[in-house]
Amino acid sequence: MKQIYYTWRTYLNNIRHIRIIYFMIVIFIFLIRYNRPLLQYSADMDYPVTIWVFPFLMSSFSFLTLFYFLFIYINTDLPFMQRVQMYQILRMGRKRWIFGQIGYLLLRSFTMVLLTFFLSVIALLPHVELEAGWGKLIQTAALTGAQSEYDFQYPFFNEAFIEFTPLQLLLLTISICTLILMLISMAMLVLCLYINRSVAVSFAVGNVVLLFMVNNTHPRMRMQVSKFVPVCWAEVARVATPAYGFYWLPSVSYMLTVLIIAIIICSVLVVRKINTIEFNWEDDL
């Protein structure tokens with residue numbers, strides 16, 4: 001119980017950091033831009049937009065790249081060597097302290113995804129409706145040439161409407177995106193502890209760059225490549241939609257299994273290293 005309380009207190013004390021505020025501001029500005037064509041279509045059709053656009057938004061290559069880079073910016077506080085942490089380690093002990101930080105990273109990853117979802121809905125106001133189904137507007141757009149005519153900034157896939165309910169796809173996208181962000185955080189933490197922060201940031205940026213490679217791979221080979229590039233799995237809305245006749249994302253079960261196992265491995269490496277590392281304290285970033 002003390003561990004849970006410490007993790008929650010760590011989350012509350014750090015989630016209001018200025019970097020997270022910057023994240024929200026930049027994301028919201030881009031969401032307004034990305035939603036403008038859809039809102040114009042909504043106004044012309046005189047019909048509101050459903051709130052369930054988030055999974056399709058995460059299938060936009062440019063938005064997803066921005067989302068990851070902003071998250072890496074937030075992660076520049078790793079490996080939590082700010083001087084204020086020294087007193088917490090003295091009180092909690094190394095193991096309890098690092099478990100609290102790992103728990104905080106998971107909560108922070110979830111919060112960033114959830115904030116992006118809520119901001120995506122706010123950016124659609126006032127042309128938005130709350131309903132259980134997908135809504136006629138985006139289904140009509142997916143079946144007609146409206147997406148090209150209005151130059152939508154993110155795609156809608158008719159196969160996703162058939163394969164998933166809105167709530168199913170939303171929860172699946174939030175879950176997978178949270179795990180991807182958690183894996184990025186844990187991989188960066190491992191590299192910070194074993195090597196240094198510069199290598200950790202370079203590694204994270206390099207993984208985002210791999211999105212370019214997946215998108216430019218021949219459709220026949222794309223699934224084999226994407227199996228080793230977790231950052232592209234945020235585009236889970238595409239999982240039932242073939243490109244040029246080929247599916248290019250692995251199964252949902254594969255994504256979840258690999259992400260969870262990789263996070264556990266990183267956690268073990270972090271806990272082992274924290275027992276022997278020499279802390280080099282620095283001023284707060």
Exercise. Say whether the condition of being farther than 19 Å from F61 by Cβ and not in a loop (DSSP other than H, G, I, E, B) is met by at least one residue in the range 230-253.
Key: yes
Quiz item: Hey, does the range 226-242 have a residue that's touching a helix residue (DSSP H, G or I) at 6+ places or on another chain (Cβ under 6 Å), more than 21 Å from L269 (Cβ to Cβ) and modelled with pLDDT under 90?
Solution: yes
Exercise. Only one of these is closer than 22 Å to V190 by Cβ and not hydrophobic (A, V, I, L, M, F, W, C): Y73, Y41, Y34, Y47. Name it.
Key: Y73
Quiz item: Does the range 168-175 contain any residue that is crowded, with 16+ Cβ neighbours inside 10 Å, closer than 29 Å to E131 by Cβ and not hydrophobic (A, V, I, L, M, F, W, C)?
Solution: yes
Exercise. Give the range 139-154 a look and list any residue that's in contact (Cβ under 8 Å) with a residue 12 or more places away in the chain, within 15 Å of Y34 (Cα to Cα) and more than 23 Å from the chain's Cα centre (by Cα), or say none.
Key: Y150, D151
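Restricting to the range 216-256, what's the tally of residues that are of a type in the set (S, T, Y) and either under 19 Å from N158 (Cβ atoms) or surrounded by 15 or more Cβ atoms within 10 Å (Cβ to Cβ) (or both)?
Here is the first cut: in the range 216-256, the ones of a type in the set (S, T, Y) are 217, 226, 241, 244, 247, 251, 253-254.
Imposing the further condition that a residue be either under 19 Å from N158 (Cβ atoms) or surrounded by 15 or more Cβ atoms within 10 Å (Cβ to Cβ) (or both) reduces the set to 217, 226, 241, 244, 247.
Going through the range 216-256 one residue at a time, the tally reaches 5.
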Self-check item: Cβ-Cβ under 7 Å pairs, at least 6 apart or on other chains, the range 241-252 side touching a residue at least 40 places away in the same chain (Cβ under 8 Å), far side assigned to a loop (DSSP other than H, G, I, E, B)
Solution: T241/F157; V252/V239
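Based on this model, can you work out whether Y6 counts as in a loop (DSSP other than H, G, I, E, B), more than 19 Å from the chain's Cα centre (by Cα) and in contact (Cβ under 8 Å) with a residue 60 or more places away in the chain? Explain how you work it out, then say what you get.
Details: in a loop (DSSP other than H, G, I, E, B): no; more than 19 Å from the chain's Cα centre (by Cα): yes; in contact (Cβ under 8 Å) with a residue 60 or more places away in the chain: yes.
So Y6 does not fit the description; no.
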Exercise. Check whether at least one residue in the range 143-151 is closer than 21 Å to D46 by Cβ, out of contact with any Pro (no Cβ under 7 Å at 6 or more places or on another chain), in a helix (DSSP H, G or I) and hydrophobic (A, V, I, L, M, F, W, C), and report yes or no.
Key: yes
Practice problem: Tell me which residues, restricted to the range 21-35, are surrounded by fewer than 18 Cβ atoms within 10 Å (Cβ to Cβ) and in contact (Cβ under 8 Å) with a residue 60 or more places away in the chain. | Solution: M24, F28, I32, R33
Self-check item: Failed item, numbered, when F156 is tested on (1) part of a helix (DSSP H, G or I); (2) surrounded by 20 or more Cβ atoms within 10 Å (Cβ to Cβ); (3) not hydroxyl-bearing (S, T, Y)
Solution: (1)
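Which helices (runs of 4 or more DSSP H) does the range 49-135 wholly contain that include 3 or more residues that are within 16 Å of the chain's Cα centre (by Cα) and touching a residue at least 60 places away in the same chain (Cβ under 8 Å)? Before you say what the answer is, go through the steps one by one.
Details: elements: 54-57, 61-74, 84-92, 94-122.
Ranges flagged: 54-57, 61-74, 94-122.
When the residues of the range 84-112 are filtered to those that are among the β-branched types (V, I, T) and modelled with pLDDT of 90 or more, which remaining residue is farthest from N275 (Cα to Cα)? Steps first, please.
Initial filter on the range 84-112 (among the β-branched types (V, I, T)): 84, 89, 98, 102, 111.
Imposing the further condition that a residue be modelled with pLDDT of 90 or more reduces the set to 102, 111.
Numbers: I102: 15, T111: 29 Å.
Among them, the one singled out is T111.
Which of the residues spanning the range 218-229 are in contact with a Leu (Cβ under 8 Å, 6 or more places away or on another chain) and either of a type in the set (A, V, I, L, M) or in a loop (DSSP other than H, G, I, E, B) (or both)? Walk me through how you get there before you give the answer.
Initially, the range 218-229 is screened for residues in contact with a Leu (Cβ under 8 Å, 6 or more places away or on another chain), giving 223, 226, 229.
Listed by number, the residues that qualify are M223, V229.
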Quiz item: Does M213 satisfy being in contact with a helix residue (DSSP H, G or I) (Cβ under 8 Å, 6 or more places away or on another chain), of a type in the set (A, V, I, L, M) and surrounded by fewer than 17 Cβ atoms within 10 Å (Cβ to Cβ)?
Solution: yes
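The values are calculated or read from the model by the stated rules, or taken from the named source; none is laboratory data. Everything numeric in this text was worked out from a predicted model, so none of it was measured. Note: ideal-geometry Cβ built from the backbone for every residue, glycine included; neighbour counts use all protein chains shown.
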